[in-house]
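Quick notes on the structure that follows.
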Protein chains: 6
Amino acid sequence: MDLRAGTWTEVRESEPELAVVPVGSTEQHGPHAPLGTDVITAEAVADAACDRLERPVVRTPAIPIGVAEEHREFPGTMWVSPETFRAYVRESVASLAHHGIDRVVLVNGHGGNVGALREVGARLTRDGTAYTVPFTWFDAIGDEAAEMGHGGPVETALLQWVAPEQVREERLEDAAAEAAATWGEWVSHTNLAYDSHEFSANGVVGDPSTASADRGEELLAAATDALIELLEAIAERECSPEA
Amino acid sequence: MDLRAGTWTEVRESEPELAVVPVGSTEQHGPHAPLGTDVITAEAVADAACDRLERPVVRTPAIPIGVAEEHREFPGTMWVSPETFRAYVRESVASLAHHGIDRVVLVNGHGGNVGALREVGARLTRDGTAYTVPFTWFDAIGDEAAEMGHGGPVETALLQWVAPEQVREERLEDAAAEAAATWGEWVSHTNLAYDSHEFSANGVVGDPSTASADRGEELLAAATDALIELLEAIAERECSPEA
Amino acid sequence: MDLRAGTWTEVRESEPELAVVPVGSTEQHGPHAPLGTDVITAEAVADAACDRLERPVVRTPAIPIGVAEEHREFPGTMWVSPETFRAYVRESVASLAHHGIDRVVLVNGHGGNVGALREVGARLTRDGTAYTVPFTWFDAIGDEAAEMGHGGPVETALLQWVAPEQVREERLEDAAAEAAATWGEWVSHTNLAYDSHEFSANGVVGDPSTASADRGEELLAAATDALIELLEAIAERECSPEA
Amino acid sequence: MDLRAGTWTEVRESEPELAVVPVGSTEQHGPHAPLGTDVITAEAVADAACDRLERPVVRTPAIPIGVAEEHREFPGTMWVSPETFRAYVRESVASLAHHGIDRVVLVNGHGGNVGALREVGARLTRDGTAYTVPFTWFDAIGDEAAEMGHGGPVETALLQWVAPEQVREERLEDAAAEAAATWGEWVSHTNLAYDSHEFSANGVVGDPSTASADRGEELLAAATDALIELLEAIAERECSPEA
Amino acid sequence: MDLRAGTWTEVRESEPELAVVPVGSTEQHGPHAPLGTDVITAEAVADAACDRLERPVVRTPAIPIGVAEEHREFPGTMWVSPETFRAYVRESVASLAHHGIDRVVLVNGHGGNVGALREVGARLTRDGTAYTVPFTWFDAIGDEAAEMGHGGPVETALLQWVAPEQVREERLEDAAAEAAATWGEWVSHTNLAYDSHEFSANGVVGDPSTASADRGEELLAAATDALIELLEAIAERECSPEA
Amino acid sequence: MDLRAGTWTEVRESEPELAVVPVGSTEQHGPHAPLGTDVITAEAVADAACDRLERPVVRTPAIPIGVAEEHREFPGTMWVSPETFRAYVRESVASLAHHGIDRVVLVNGHGGNVGALREVGARLTRDGTAYTVPFTWFDAIGDEAAEMGHGGPVETALLQWVAPEQVREERLEDAAAEAAATWGEWVSHTNLAYDSHEFSANGVVGDPSTASADRGEELLAAATDALIELLEAIAERECSPEA
């Protein structure tokens, strides 16, 4: 059930124990992809999985602003501090648990959120509020994950499939031309840079001009399959959260 | 510009100083209206005003979960603490101000957020981060405001106009039958109740069966006119935020 | 019992379940009324009610500094942040509850405290610490409330009755001459101003020259009657705070 | 100037740089002395010094509830956490500094506040907000300090002089009979006890039956002299708070 | 310079700009390795690099307790929350920066600290306090990193070289017998487990019986080389921390 | 047991209920004594007592950085805020209590930590986490305590005994020549100074040239005896922490 569209009486009737919470970010994704990329992609994967899952599951609204100060030099990027992000996610999940919806997957679309979500999941799980696990879709697509970048071929392809009107095709070449090859600036296996403008002139990492809607379709299928498998495992897992 | 759909290069080019941030809540609205009512209505008013405004303005994603613990006994209601809500809104606005977008209207759709938003606006304005003013659409519709209730005739009418598929018309009579007449439980001009289930069996206050899409159209027009007038005033106001 | 004047053995013997906590502010009230106005008036109402109430009740010391940054441009105004104010009130009430005094009315004399006190009351009530309700005396005086202003006819009249030596009668005309007619600066039902100096040259709102001690006597009676009625209701209310 | 009784225009005219903030506690003081003892005594010393000081000085309202959880087993005792106490004092002082009143003495009447006030004073001084120094009156009375106790001969004597109606003379013998000789329970110069009920049956430490109003008069004189000398030193001290 | 052994006058004379802060954890490392493993190894790498570096550098005391709640089911494991850990590290570094030592490498020996240290480094760097970079020694040893585990061959080998008396050689076979092969419990590239006891009976991951002092010597050399290269890069990097 | 050197299995077998946590500071101790003085001395006392105690006891790693902003003008001094220090100590102790080690002595070597540790101990004890008592070694040595100073004869003597290589004997005369006689700058029994550079040119208080290793041996014996007596009392004390 899409929680935004449901009524409280309908939630009561469906007796869900499982929730999917999309978590994104509103941040630069180069000159060719929208600031909402991480929300759009997280929602797409979450919705595809919920549609196919054969269990009662609640799909909450996406949390749209995340840990993205690293992109602050690019206009329009929004962010909150990691502390505030963790609190917002944690309390949102706790409110679901108040209704007995205490197995929760955080479907994440932004690399900068990963550490914070894992920390939140641990806390909610350990204190017995809800068994909460973050799932970052682009880490669950097998070998393709290596090409993720930022506004690169993976994200761009997924957008081309789920929201093609959002991709500025005419700027893909330029986006690629100024893109960085890899994320960060490395010495001794250590990243010397904290912000994306330090190593990418236009905010892009990877070559988005190699993306295609077909690849996007495959990526969505892979991520969706993975999420469904995870949701099944979480629903079946023997767990007393307090233990 | 819808920030979710724009790129960072487009934001840079439009040089906006003004932002509209919809703020809602995901909470029970009776058996006939969706949990997302306060987001849907806030977005509708925000979008209508931005569409007509003749100035560069950024419309951010809606903040979907607010201060709504008062509805916690109704399944599906989500909330965060006032502290966390204030931090999330404040830092989100501060990130806009980092880009020079430092005149901000928080377009609010939920009564429970009003005090917290006013507190946030004061802090952001006084510390010079951004001149930030909350606007609660149902307080800006003149005499109609008196009939607001909760899931009552005003909200239901607006939904019937902007998202008719979201209103369960067949349940309006039942919704009205169990609704409370007024919000709260009053002695000596003081509300003895903190939570809606203390005074409303189904979470509704006011009679939604008197709503109509025509009335919704008028309400949207009234709220939109008010918001546009406010945006003009804020854009023109002589203010050095630090003063 | 005035807690400041009682001993712990006397508190033990009276076995109170009910407390009245006056909450004020130390802030400008124009050229004619003292910075302590909100404490003096809150204490006056609290004491009058406790004197007449036929139940064991504890009257604590007044909390003298509140949420008043809005008057910061007028010398002598003191304030704390809303966060700190809430914590101070909340923990003070929790210490009463430790002794079984777990039905508490916060008798408030300052408009700027209203939102914060309601938030505190909700939290203390919901977490089962104490059933706590704020009562703002000038909201409980019926139609007179509309004339409240700031340092205006209502507050000045009450001072003239309970602390006449505190009113600079010779400055009432000047106070009125520079006063604002209403609180704030409004566009689209929205207040564009956060601070009182933005709309009032001398910090006054309303015309204090129309005040009189006779009116003050009536106001005190009205507020006291309301508070007693509220205290009775709270003492009798069936409530398990944890529910 | 008593800030509670002054107007903002009078504060402006007197151009004070110096403030005295009484800080007390509302807590058990045995069967013979009132819960407000620490406020009453701090105010008495503060007022006596301000009356005699030949400089513009602002005397603020007393902060009435402090760090007193150690007395929590005695009914009527109120307290806040050290964190909240520090924040309340710190922000109150900062609001004075906003008006240029940036040399502040915290006149303290409660032993449990001492550490917290020193921490607050350091922070306000080091960050350049205000040069702030706590003064605990019973530490400034020379050899008499050794007899302080709690509700013992020193405090009782001062009360007998400044608020004789507050001392239950008829209970002094009983108070003495059950009193502890010293504060705490010591092994290896270390106090094993955190709370007063662990070592005193009635909350008293020291023998209050040896107190007298004459001694109280001398104590007040000694404390007042000390405070005046301190205020002179602070007013004259060469200090740039930011340094 | 070992800061613990230096005097303030010696620090002044050496005019260091660079600091190395070892960060460890006190937590279970199986039946064969000590709870202090992560401190011992971080200190060993830090000291080896500082000894060889030809620049003035300060080596601070190790921070001995970290983010290790994941091992809480194994007796003796100590931990603090991520929030507190971040604050302790951040303020410690800020105190160095107060003296002009504002290029700092956090030499880390514990996987559970990695995310928190990166967050701290970003904050200190972005707010201009100090350019601060975490270096986790076992991520900087090339292909060997893949065998890290927990109390596994890599850590055990390093201990055998730098602190051979700390390794219980007689328990290595048992340690290996009950060890987990990999960290966590994975479905869809997502770890379902938060705590080590969920997947390892004795807290070990990887086979420590394959470790040797010779390998430890090589590991120390590799990590030290990497750290020296990093320190040189950080010392030479053109950076205005505030930018 | 030295926790750093033990394994989790060894902790399990020894079933300790008692812990000793050394707490120090890394801060200036004049030109003759190392920045690590307060850690070295706290560890020395803690180790001597644990060696002789005939009970299972855990000796944790020392907490090396404390509340020492007062020495911030002397290069190399490190510190954290009192808030962060309290949190770090509190949570470290709570992690011990998780394993049933719930009687804890904080063996402290730094005057600036005293108030903060007492506050932490009270909180842990009152909330039932662990019965926690701070022990400051130089307050437990009888009349010698009066000569403590800072980097003065007491600390220097202890160093000469336990870590003679750390004392720069050749600078003792200079250290004495510029030392302050007493800590602070006093008026009316009130310290006007917050920082040590305000009253000591080289950071020393007291005359270290009178110290000797013999005296250090006596001091260590006295402090150790006191700590052992305290540990016995704490182990035997009838206490239900929650009471």
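Taken together, the values in this text are just the output of simple stated rules run on the coordinates, not laboratory data. All values derive from a computational prediction rather than experimental measurement. Cβ atoms come from the backbone with ideal geometry, glycine included; neighbour counts cover every protein chain shown.
The mean number of Cβ atoms from other chains found within 10 Å of a Cβ in peptide D:203-214 is 0, as a whole number. Since only A:GLN166, A:ALA193, A:SER212 are under comparison, the one whose Cα sits farthest along the positive direction of the charge dipole of the range A:121-218, derived from C-beta charges on Lys, Arg, Asp and Glu, is A:ALA193. Shape class of the range F:165-242 from the Cα gyration tensor (axes a ≥ b ≥ c, square roots of the eigenvalues): oblate, since a/c reaches 1.5 or more and a/b does not exceed b/c.
Report summary: the helix-based calculation at 222 nm, which adds -39500 (n - 2.57) for every DSSP H run with n ≥ 4 and divides by the residues of chain F, gives -12000 deg cm²/dmol. Between the range E:63-141 and the range E:153-181, what is the C-alpha centre distance in whole Å? Spelled out, the Cα-based centre of one part sits 26 Å from the other.
Rounded to the nearest 10 degrees, the inclination of helix D:153-162 to the longest alpha-carbon principal axis of chain D is 60 degrees. Apply the a/c threshold of 1.5 to the C-alpha gyration tensor of the range A:114-243 and tell me whether it is rounded, prolate or oblate. Here the range A:114-243 falls in the oblate category. Between helix C:82-98 and chain C there is an angle of about 30 degrees, using the helix long axis and the longest principal axis of the Cα atoms. Against chain A, whose longest principal axis is taken from its Cα atoms, helix A:37-52 shows a tilt of about 40°. Charge dipole (Cα centre; +1 on Lys/Arg Cβ, -1 on Asp/Glu Cβ; no other charges) of the range A:113-200 amounts to roughly 580 debye.
Give, as a single signed number, the net charge of other residues whose beta carbon lies under 15 Å from the beta carbon of E:ALA235, with Lys and Arg counted +1 and Asp and Glu -1. Local charge sum for E:ALA235: -3.
Inter-copy label distances for A:VAL114: 0.9, 4.5, 5.0, 5.0, 5.4 nm (label point placed 7 Å from Cα along Cα→Cβ; shortest first). Shielding value for B:54-62 is 3, the average number of Cβ atoms from other chains within 10 Å of each residue's Cβ. Axis between E and B by rotation; chain E residue with nearest Cβ and distance in whole Å recorded as E:GLU83, 8.
Take every Cα pair under 8 Å whose residues are at least 6 apart in sequence, average their separation, divide by the length of the range A:178-243, and the relative contact order is 27 percent. Candidates B:GLY112, B:ALA122, B:SER95 compared by Cα position along the dipole of the range B:94-146: farthest toward the positive end lies B:SER95, with charges placed on Cβ. Take D:HIS189, push a point 7 Å out from Cα through the beta-carbon direction, and compare it with the same point in every other copy: 2.2, 4.9, 6.2, 6.2, 7.0 nm, smallest first.
Cβ crowding within 10 Å, taken as a proxy for footprinting-reagent exposure, orders C:ARG103, C:ARG52, A:ARG118, C:ARG126 from fewest neighbours to most as C:ARG52, C:ARG126, A:ARG118, C:ARG103.
Across chain E, the mean sequence separation of Cα contacts (distance under 8 Å, 6 or more residues apart), normalised by length, yields a relative contact order of 23 percent.
Since only F:TRP137, F:VAL80, F:THR156 are under comparison, the one whose Cα sits farthest along the positive direction of the charge dipole of the range F:70-190, derived from C-beta charges on Lys, Arg, Asp and Glu, is F:VAL80.
For C:ARG59, nonlocal amide neighbours, meaning residues 5 or more places apart or on other chains whose placed amide H falls under 5 Å from its own, are C:ASP2, C:LEU3, C:VAL20.
Distances from E:GLU217 to the same position in the other copies: list them in nm, one decimal, shortest first, using label points 7 Å from Cα along Cα→Cβ. Nearest to farthest, the other copies are at 4.2, 6.1, 8.9, 8.9, 10.2 nm.
According to the Kirkwood expression over distinct Cα-Cα pairs, how big is the hydrodynamic radius of the protein assembly as shown, in Å?
About 34.3 Å, per the Kirkwood formula over Cα pairs.
Magnitude of the charge dipole for the range D:3-84, about its Cα centre and with charges confined to Cβ atoms of Lys, Arg (+1) and Asp, Glu (-1), is about 140 debye. Both radii are taken from the alpha-carbon atoms of chain C; with Rh as the Kirkwood radius, Rg/Rh is 0.98.
For peptide A:18-31, the mean count of partner chain Cβ atoms within 10 Å of a residue's Cβ comes to 2. Rounded, prolate or oblate for the range D:39-130? Axes are the square roots of the Cα gyration tensor eigenvalues, ordered a ≥ b ≥ c, and the cut-off for rounded is a/c under 1.5. Oblate shape, in that a/c is at least 1.5 and b/c is the bigger or equal ratio.
Secondary structure note: in the protein assembly as shown, about 20% of the DSSP beta bridges are antiparallel. Distance between the pseudo-spin-label points of D:VAL114 and D:ALA213 (7 Å out from Cα toward the beta carbon): 3.0 nm. Each 5 Å bin from 0 upward holds the following percent of the Cα-Cα pairs of the range A:122-194: 3, 13, 15, 16, 16, 13, 12, 8, 4, 1, 0. Restrict the search to the range F:47-150; then list the GluC sites (Glu not before Pro) that DSSP places in a loop and that have at most 14 other Cβ atoms within 10 Å of their Cβ. Passing both the DSSP loop test and the Cβ count: F:GLU54.
About its Cα centre, what dipole magnitude does the protein assembly as shown give when the only charges are +1 on Lys and Arg Cβ and -1 on Asp and Glu Cβ, stated in debye to the nearest 20?
I would put it at about 0 debye.
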